[in-house]
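To keep things clear, I will list the structure first and then write my remarks on it.
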Amino acid sequence: VTTRSEAIALDDADPLAGFRRRFVLGDEPRIYLDGNSLGRLPLATRDRLRAAVDAWGERLVTGWHQWIDAPRRVGDRLAEGILGVEPGEVVVADSTTVDLYKLAAAVLSIRPGAIVVPRDEFPTDRYVLQGLSELHGRELRLLEVDAVEGPRPADVEAALAADDVALLVLSHVNYRSGALVDLPSITALARRRNVAVVWDVCHSAGVVPLDLRVHGVELAVGCTYKYLNAGPGAPAFVYVARELQTQLRSPIAGWFGQRDQFAMGHPHVPADGIERFLAGTPPILLLEAVDESVALVAEAGVDATRAKSVALTQLLVELHDAWLEPLGFKLGTPRDPARRGSHVSLRHPDAWRICRALIERADVIPDFRAPDSVRLGVAPLYTRFVDVWDALDRLRALVEAGEHARVAAVRSRVT
Ligand SMILES: *Cc1c(COP(=O)(O)O)cnc(C)c1O
């Protein structure tokens, strides 16, 4: 088993080690393993936000001359640096929930047929699709998939066999198990059957290479506050391949999506390009945060980030097997590193109390996902190998001593 000094040696040899100093830290000995829910604040983003607030105070409404293009400008940066698509194919605006609604509704308005989504898909995705299925009178089919391995190409092939499916929505990385879905194969088989797929890349953007265009992906949404570190409530992105843009119309015909916005005419005519997926006034301050934070992730490079992510999750799995399995834990994440994203779920019947005890008594920040998972996320730009080692060492000591039995069983609103 890897020793603590071996973990430190891994950090010493890590080509990305220097990136840690570019984030707000100062909370040691706390170990933060929840960058998959909310990434740390980059120092440059803090400066950029301060400057943006000053610009607001100084420029007031005249600032709009610079701000108006931000959703597209920041989208171009994401397109090239993170998503592997072209400028003019991405805008940054609204939340993932709203952006998914836009794309799913746009597809349903031009295609008849059912909607397919995994039963254990992230709740907001399922809820948006349920709402649309009721509104458009479409059948919503919940795909049963392996709770750990996630949807496999064969599962999807079987679900699409009926030839009456309009839309498939899938997360690239499952929020609970961390399973990394075979995006190239599933995209290809859906295209063969002429089924539109919207990929939700919330848990992969910035930490798993995407190459969406290479893999023939046409529609995707994702958030910027997880591995892209843009902050709470930072706007999401929506990607529509250029070839599809004129065929699809956003269900929210807002003025930012209007062809000649300031002519203020009637009726609404959607803009020619990706801007047609904008709706109303975008959150300019947080767009500045997205711009800066994405630049940092792109500078590190998603390939190098992925290599370190795999090594970090491998260490988590190894220490789980050696120390935690004997204490009643079960790995809730695929063992094959090629099939997992950047977090590892440890399942335990007492996961809720263990999670609380980790936070309250061991200063380790994971999160809990119902019914029985403690999620440990590693963000390669600031999580060190020694952090993983120390966190699991504290976890094993805590469970061995029965510390979690002393935590109140009452749940808070946010888990
Ligand atoms: C985090 C996450 C979301 C978040 O949606 P919001 O609209 O930002 O609340 C959506 N889908 C998935 C798969 C996620 O992981």
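Compared with the dominant principal axis of the Cα atoms in the chain, helix 302-319 is inclined by about 30°. The GNM of the chain, with springs linking C-alpha atoms under 10 angstrom apart, assigns the highest mean-square fluctuation among V201, V24, V74 to V24.
If you take every DSSP beta bridge fully contained in the chain, what fraction is antiparallel? Give it as a percent rounded to 5. The answer is about 55 percent antiparallel.
If you filter region 132-233 for GluC sites (Glu not before Pro), then keep DSSP loop positions with at most 16 other Cβ within 10 Å, what is left? Each step should come with its number before you reach the end.
Working: sites: E134, E139, E144, E149, E157, E218; in loops: E139, E144, E149, E218.
Answer by residue number: E139, E144.
Which shape class applies to region 206-253: rounded if a/c is under 1.5, otherwise prolate when a/b exceeds b/c and oblate if not, where a ≥ b ≥ c are the square roots of the Cα gyration tensor eigenvalues? Cα axes put region 206-253 in the oblate bin.
Assuming a ≥ b ≥ c are the square roots of the Cα gyration tensor eigenvalues, decide whether the chain counts as rounded (a/c under 1.5), prolate (otherwise, with a/b larger than b/c) or oblate. In terms of gyration-tensor shape, oblate. Projecting the Cα atoms of G150, G280, V238 onto the charge dipole of the chain, computed from C-beta unit charges around the Cα centre, puts G280 farthest toward the positive end. Can you show me the helix-derived [θ] at 222 nm for the chain, built from DSSP H runs with n ≥ 4 at -39,500 (n - 2.57) apiece and divided by the number of residues, rounded to the nearest 500. Helix-only estimate at 222 nm: -11000 deg cm²/dmol.
Helix 43-59 axis versus longest C-alpha principal axis of the chain: approximately 40°, rounded to the nearest ten. When the Cα centres of region 348-382 and region 162-231 are compared, how far apart do they sit, in Å? Region 348-382 and region 162-231 have Cα centres spaced 26 Å from each other. Within the straight-line cut-off of under 18 Å between alpha carbons, the lysines reachable from K308 are K226, sequence neighbours fewer than 8 places apart in one chain being disregarded. Relative to the dominant Cα principal axis of the chain, helix 385-400 is inclined by about 60°.
Each reported figure results from applying straightforward, stated rules to the coordinates on display, with no laboratory input. As the structure is a prediction and not an experimental result, all values here were calculated from the model. Cβ: placed from backbone, ideal geometry, glycine included. Neighbour counts: every protein chain shown.
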